[in-house]
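The values are calculated or read from the model by the stated rules, or taken from the named source; none is laboratory data. All figures in this text were calculated on a predicted structure; none of them were measured in a lab. FYI the Cβ positions are ideal-geometry reconstructions off the backbone, even for glycines, and counts take in every protein chain you see.
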Amino acid sequence: MSPLDGDRAPSTLAFLLSQVGTHAAQRFARRIAELDLHPPQFRVLNAVDAAEGRSQQAIAGSIGAPPSRMVAIVDELEQRGLVERRPHPSDRRVRALYLTADGRRLLARGRKLAAEHERDLTRGMSKADSKRLVSLLQKLVEAQGIGVGVHPGLSE
């Protein structure tokens, strides 16, 4: 058997999920790098947009980012002028996160790349199959207690 043939063992769900997940993550990282972003930075920009004005700690908790990792990501995004920390209106000890105009523009461009990525990833699937796959994967996320919107890559 040639090394190109791979093994002939039946693929398991876990193997296929890992295979597709790794493939999708690597391709998305290359795509989003066009904007000088890493996937965790893009995730934080999306989270700030969805919860603008909430504390850095609250946003980190909602996406499963450890505090030290979140601080580093927000520092980078702030230095680039994409997010800003402002005093929280009701607690001066807390800093609330907001997107800047540049952050909104970059996020919009990133979302276009993400939509292209999604189309490429599901090429060959009908819309119904794609919706069904998303539904089934959401069930796995819930059953495993992973958390909606939480990505293990943020903890690395």
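Of note:
- Cross-chain or 6+ apart pairs with Cβ under 8 Å, the range 124-141 first and in a helix (DSSP H, G or I) and among the aromatic types (Phe, Trp, Tyr), then modelled with pLDDT under 95 and surrounded by 12 or more Cβ atoms within 10 Å (Cβ to Cβ): none
- Enumeration of residues in the range 124-147 that are more than 29 Å from Gly61 (Cα to Cα), loosely packed, with under 11 Cβ neighbours inside 10 Å and of a type in the set (A, V, I, L, M): Ala128
- Matching residues in the range 142-152 - criterion: being among the hydrophobic types (A, V, I, L, M, F, W, C), assigned to a loop (DSSP other than H, G, I, E, B) and out of contact with any Gly (no Cβ under 7 Å at 6 or more places or on another chain): Ile146, Val148
- Residue list for the range 87-123, filter: more than 18 Å from the chain's Cα centre (by Cα) and either loosely packed, with under 12 Cβ neighbours inside 10 Å or part of a helix (DSSP H, G or I) (or both): Pro87, Pro89, Ser90, Asp91, Arg92, Arg93, Ala101, Asp102, Arg123
- Only residues that are over 16 Å from the mean Cα position of the chain (by Cα) and not polar (S, T, N, Q) were counted in the range 124-155, giving 14.
- Residue match in the range 62-69 (condition: buried (at least 16 other Cβ atoms within 10 Å of the Cβ), of a type outside the set (Val, Ile, Thr) and assigned to a helix (DSSP H, G or I)): yes
- Test: residue in the range 64-74 that is farther than 30 Å from Gln19 by Cβ and under 15 Å from the mean Cα position of the chain (by Cα): yes
- Selection from the range 21-60 of residues that are of a type in the set (D, E, K, R), assigned to a loop (DSSP other than H, G, I, E, B) and farther than 22 Å from His88 by Cα: Glu34, Asp36
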